[in-house]
Amino acid sequence: MPKIKTSDGVSLYYEEAGAGTPVVFVHEFAGDYRTWEPQMRRFSRSHRCVTYSQRGYPPSDVSSDPAHYGQDILRGDVIAVLDALGIEKAHVVGHSMGAYTALHVGLCHPERCLSVTAAGCGWGSLPDPAARDAMRAHAAETAKMFTEKGMAAAAVIYTDAPSRLSQKYKDPRGYAEFVHMLAEHSALGHALTMTQLQSKRPNLWDMAADLKKFAVPLLVICGDEDETCLDGSVFLKRTAPTAALLVIPRSGHTITSEEPDAFNLALAELFAAAEAGRWLAHKPPA
């Protein structure tokens with residue numbers, strides 16, 4: 001079972017396929033390395049693709065130490081994966097929780113990024129302080145649900161959210177697979193990820209000054225029925241000078257598997273333009 005060890009001793013399980021320009025996929029809170037199967041199958045034909053389970057997600061280590069979880073730590077894990085596999089630069093593709101991490105990699109390590117994709121990014125990012133407090137309270141209750149109810153029951157409850165229902169009704173087979181995979185996760189890992197990362201990471205609006213200096217080609221993707229991420233996605237488009245925004249109609253949060261054809265087509269266009277140095281070719285020279 002291939003694993004790499006991070007600087008704090010946590011081991012991360014990874015898989016890779018294909019050859020060529022590297023792509024690293026960073027999954028969402030309810031996902032794992034398997035989340036990216038539609039992308040791995042498509043892009044391993046032309047690229048070296050890497051997918052991994054983040055800390056707290058088996059078969060990666062599930063540390064019981066809260067200090068082993070946090071936004072800066074997960075950003076460092078992406079760099080650890082790149083370093084361990086001898087990858088100098090890669091397209092970094094993140095979804096939801098992974099999209100926040102991909103943004104931080106682009107901000108702190110632009111020299112390691114060919115491009116950044118932030119899909120379904122924005123949950124918990126609200127400019128209103130009262131709304132932020134409500135989000136943190138919701139995060140605490142969600143963490144409690146995982147530890148008290150266990151993964152099987154919690155997975156059914158967590159996935160039956162408004163932003164997931166479009167997949168549930170248009171693709172019941174894919175949705176059932178998604179719920180099944182979530183049920184195999186660690187309740188402890190989810191609880192610590194929710195309390196130490198999700199509820200504490202910087203708000204997109206708090207990152208505005210840094211995002212205005214974002215220099216890496218950035219693709220923002222959001223389903224039009226992913227209400228918790230629409231405002232954040234538009235904010236990213238308006239703030240980051242290299243950002244493009246794709247809104248996929250009649251789609252929710254689990255966009256990578258709900259609409260893989262549209263998602264993959266957008267990635268293919270991003271990769272080609274970024275690799276050719278043509279991502280901002282539509283704009284006049286500065």
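The values are calculated or read from the model by the stated rules, or taken from the named source; none is laboratory data. Owing to the predicted nature of the structure, the values given are computational and were not obtained by experimental measurement. Heads up, the Cβs are rebuilt from the backbone with ideal geometry, glycines too, and the neighbour counts pull from every protein chain shown.
Under 8 Å by Cβ, and 6 or more places apart or on different chains, what pairs join a residue from region 266-286 that is closer than 15 Å to residue 47 by Cβ and part of a helix (DSSP H, G or I) with one that is of a type outside the set (Phe, Trp, Tyr) and at pLDDT below 95?
Listed pairs, sorted by first residue: 273/281.
Which of the residues spanning region 98-130 are part of a helix (DSSP H, G or I), in contact with a strand residue (DSSP E or B) (Cβ under 8 Å, 6 or more places away or on another chain) and of a type in the set (A, V, I, L, M)?
99, 102, 103, 105
Scan 94, 106, 98 and give me the residue that is under 18 Å from residue 214 (Cβ atoms), surrounded by 24 or more Cβ atoms within 10 Å (Cβ to Cβ), small (Gly, Ala, Ser) and in contact with a Cys (Cβ under 7 Å, 6 or more places away or on another chain).
Going through 94, 106, 98 in turn, just one is under 18 Å from residue 214 (Cβ atoms), surrounded by 24 or more Cβ atoms within 10 Å (Cβ to Cβ), small (Gly, Ala, Ser) and in contact with a Cys (Cβ under 7 Å, 6 or more places away or on another chain): 106.
Taking residue 180, is it assigned to a loop (DSSP other than H, G, I, E, B) and either among the polar types (S, T, N, Q) or surrounded by fewer than 24 Cβ atoms within 10 Å (Cβ to Cβ) (or both)?
no
Across region 212-265, which residue is farthest from residue 108 (Cα to Cα) among those that are small (Gly, Ala, Ser) and free of Cβ contacts under 8 Å to residues at least 60 places away in the same chain?
Checking each candidate, the answer is 262.
When you go through 190, 185 one by one, which is the residue that is assigned to a loop (DSSP other than H, G, I, E, B), modelled with pLDDT of 95 or more and not hydrophobic (A, V, I, L, M, F, W, C)?
185
Pick from region 220-254 the residues that are assigned to a helix (DSSP H, G or I) and in contact with a Pro (Cβ under 9 Å, 6 or more places away or on another chain): which of them is farthest from residue 103 (Cα to Cα)?
Step by step, filter region 220-254, then rank; the result is 227.
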